[in-house]
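Colleague: Input: one structure, supplied below.
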Amino acid sequence: MNRVSPARLATSLFTTSFATRPTVAASAPGRVNLIGEHTDYNGGPVLPVALNRRTAIAARAAARWAFVSTTDDGVHHLDIEAPMRQAWTDYLVGVVRELRVLRAAPPGAEMAVASNLPIGAGLSSSAALTVAAAKALSLLAGKRLSPAALAEVAFRAEYHQVGVRCGRMDQTIAAHGQRGLAILFETAAGTLQPVPLPGRLWIMETGVSHRLTGGALNDRRRECEEALAFCREWRPGLGYLAQLTLDDLPEVERRLPPPLVPRVRHVVTETVRTRRAAQALAAADLATLGRLLVEGHESLQRDYESTVPEADLLVASALDHGAYGARLTGAGWGGAVVVLAPPDREARIVAEVGSDFHKRYRRMPATWNTRASRGVRRETIPG
Ligand code: ADP
Ligand code: MG
């Protein structure tokens, strides 16, 4: 990992790109979702943790809009009203459009982006980008938006402007994350319940980028909407799939087209697992938490069909070597695995898992650890 902070990198990129100093800087973290996968857009709970890796934005008000990122060459001068370009800058354009609705955008700005998050690895670099941008731009406009307002702007930018059928988990944790705490977010009720997470989590990246198969999430989302429509024929008041219980599953099997049944089963069982996982974490019962993570992974494998063989290998190997549990985290079709291991053996376990992965794929998986970290914040501009 690059040891220079993202805020420092963003500031120096800003200075070289725009030949002046930024006036504000802000950053937001990526997240690892402990459990609660594909439940956020089905009205269920999620249990994310803000990462120790972040995306920072350095910015200055200007007469026009200009964006630059360390991931990309050159400065992009953009018209906010013009059609989206199917490029990373769409996320920033989306944030500007949504801030304008709140009268919380400056008339124009120059912005430089830097991140030490892996991009497209299921660790929510997109929400880190949009939440940090919403914070930086609203500061330039002289507005202090609450974490909830920043999360909503970022969600609307990604969902309505960029067109990713995401739920609200990523933006919510990027805005509300706190040191030492996982957050149980009940997406239907909108409640946030902090749960202490004292130890470290390990992240092992599959190296498979879900950008290559980006449409898969939108397909699953459509399947869930179809399933909900079928369920409403016998449960007219049903608001979300996550309101179904385990007792409803036999009826789901009888009534729904067979391909939709496992999708619903995943959402219903994952909802139960996620609430149990929050209880286990609150009781510091890591063995139970680990078992729930593995059951969650198996459900993604069998019922949601969103895993990849690289992730399956990492999970199986982590269990073989004595981890409490592991699972694919994030939307899937690539991305990263989160490993929960006994603190006295964690470094050895992930080393052995890396070696198993190397035997099969002839490359090492990028591996690092994180504690639960802070959400969005203003940064002082490094000198
Ligand atoms: P994830 O959020 O899991 O990392 P997404 O596909 O949701 O994956 O978002 C990744 C996209 O977000 C990238 O393809 C890019 O368009 C944008 N993005 C994220 N971080 C940055 C960054 N630092 N600079 C430029 N674009 C970024
Ligand atoms: Mg994302």
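The values are calculated or read from the model by the stated rules, or taken from the named source; none is laboratory data. Quantities reported herein were computed from a predicted structural model and do not represent experimental measurements. No Cβ is skipped: glycine too gets one built from the backbone with ideal geometry, and neighbour counts run over all protein chains shown. Areas reflect the complete protein model, heavy atoms only, side chains present, ligands, DNA and RNA absent. Shrake-Rupley method; radii C 1.70, N 1.55, O 1.52, S 1.80 Å.
Colleague: Picking from MET169, MET364, MET204, which is most flexible by a Gaussian network model of the chain using Cα springs under 10 Å?
Modeller: Among MET169, MET364, MET204, the largest mean-square fluctuation in the Gaussian network model of the chain belongs to MET364.
Colleague: Per residue of region 69-80, what does 6.51 cos²θ - 1.76 cosθ + 1.60 with θ = phi - 60° give for ³J(HN,Hα)? Whole Hz please, x for Gly and Pro, Karplus curve as stated.
Modeller: The phi angles translate into 9, 5, 7, 8, 7, x, 8, 9, 9, 10, 9, 5 Hz.
Colleague: For a quick size check, give me the Cα extents of region 132-260 along its three principal axes, largest first, whole Å.
Modeller: Computed over the Cα atoms, the extents are 54, 37, 36 Å.
Colleague: Given the Cα-Cα distance of ASP73 and ARG377 and 0.36 nm per residue of separation, how much length would full extension add, in nm?
Modeller: 106.8 nm
Colleague: Another question about this same structure. Summing -39500 (n - 2.57) over the DSSP H runs of n ≥ 4 in the chain and dividing by its residue number, what mean residue ellipticity at 222 nm do you reach, to the nearest 500 deg cm²/dmol?
Modeller: So the helix-based figure for the chain works out to -12500 deg cm²/dmol.
Colleague: Have a look at region 7-136 and give its Rg and Dmax from the Cα atoms, expressed in angstrom.
Modeller: Considering region 7-136 through its Cα atoms, Rg and Dmax are 15.1, 47 Å.
Colleague: Suppose all protein chains stay in the model; what accessible area per residue would a 1.4 Å probe give for the chain, in Å²?
Modeller: I get 41 Å² per residue for the chain.
Colleague: Would you mind calculating the relative contact order of the chain from Cα pairs under 8 angstrom and at least 6 residues apart, reporting the percent as a whole number?
Modeller: This gives 24 percent for the chain.
Colleague: Still on this structure: Could you work out the pair-distance distribution P(r) of region 332-380 from its alpha-carbon pairs, with 5 angstrom bin width and percents rounded to whole numbers?
Modeller: Histogram of Cα-Cα distances, whole percents per bin: 4, 15, 21, 21, 15, 10, 7, 5, 2, 0.
Colleague: With springs only between Cα atoms under 10 Å, which of ILE349, ILE183, ILE35 fluctuates most in a Gaussian network model of the chain?
Modeller: ILE349
Colleague: Same structure again: Per 5 Å bin, what is the whole-percent P(r) computed from every C-alpha pair distance within region 253-299?
Modeller: 5, 22, 25, 17, 13, 9, 6, 3, 0
Colleague: Once you treat every alpha carbon in region 139-210 as an equal point and sum by Debye, what is log10 I(q)/I(0) at q = 0.18, 0.23, 0.25, 0.28 Å⁻¹?
Modeller: Here log10 of I(q) over I(0) equals -0.91, -1.12, -1.15, -1.21.
Colleague: Another question, if that's okay. Taking a probe of 1.4 angstrom, what is the accessible area of TYR41 in Å², to the nearest 10?
Modeller: About 30 Å², ignoring ligands and nucleic acids.
Colleague: Roll a 1.4 angstrom probe over the protein heavy atoms and tell me the percent of accessible area of region 165-213 that is carbon or sulfur.
Modeller: 53
Colleague: Which of ALA326, GLN161, SER27 sits closest to the plus end of the dipole of the chain, meaning its Cα is farthest towards the positive end, when Lys and Arg get +1 and Asp and Glu get -1 on the C-beta?
Modeller: So the residue we want is SER27.
Colleague: Between ARG232 and ARG345, what FRET efficiency comes out of the Förster formula 1/(1 + (r/R0)^6) with R0 = 51 Å and r the beta carbon distance, rounded to 0.05?
Modeller: 0.55
Colleague: Something else about it: List the relative contact order of region 315-383 as a percent without decimals, with contacts defined as Cα pairs under 8 Å and 6+ residues apart.
Modeller: Taking the mean separation of contacting Cα pairs over the length of region 315-383, I get 22 percent.
Colleague: Given 10 °C and 1.306 mPa s, compute D for region 237-383 with the Stokes-Einstein relation, Rh being the Kirkwood radius over Cα pairs; round to the nearest whole µm²/s.
Modeller: The diffusion coefficient I find is 92 µm²/s.
Colleague: Still on this structure, please answer the following. Using the Karplus equation 6.51 cos²θ - 1.76 cosθ + 1.60 (θ = phi - 60°), what ³J(HN,Hα) coupling, rounded to whole Hz, does each residue of region 177-185 give in order, writing x for Gly and Pro?
Modeller: x, 9, 4, x, 10, 7, 10, 7, 10
Colleague: Quick one: pull the percentage of alpha-carbon pairs in region 301-352 with a separation above 18 Å.
Modeller: Roughly 29 percent, once rounded to a whole number.
Colleague: Across every pair of different alpha-carbon atoms, what Kirkwood hydrodynamic radius in Å does the chain reach?
Modeller: The answer is 21.1 Å.
Colleague: Evaluate region 72-218: find the radius of gyration of its Cα atoms, find its Kirkwood radius, and give the ratio Rg to Rh.
Modeller: 0.96
Colleague: Out of all Cα-Cα pairs in region 45-88, roughly what percent, to the nearest whole number, are more than 11 Å apart?
Modeller: The calculated P(r) of region 45-88 puts 78 percent of pairs beyond 11 Å.
Colleague: Can you tell me the 0 to 90 degree angle between the C-alpha axis of helix 215-234 and the longest principal axis of the chain, rounded to 10?
Modeller: With rounding to tens, the tilt is 50 degrees.
Colleague: While we're here: Give me the mean projected area, in nm² to one decimal, of the convex hull enclosing the Cα positions of region 211-314.
Modeller: Mean projected area for region 211-314: 7.8 nm², to one decimal.
Colleague: Next question, about the same structure. If amide H atoms are built 1.01 Å from N in the plane of the peptide, which residues on other chains or at least 5 residues away come under 5 Å of the amide H of LEU184?
Modeller: The answer is GLN193, VAL195.
Colleague: Taking the convex hull of the Cα atoms, report for region 276-335 its projected area averaged over all directions, in nm².
Modeller: That works out to 4.0 nm², a quarter of the Cα hull's surface.
Colleague: Please turn the phi angles of region 303-312 into ³J(HN,Hα) values with the Karplus equation 6.51 cos²θ - 1.76 cosθ + 1.60 (θ = phi - 60°), one per residue in order, whole Hz, x for glycine and proline.
Modeller: Listing the rounded values in order: 9, 9, 6, 10, 8, 10, x, 4, 6, 4 Hz.
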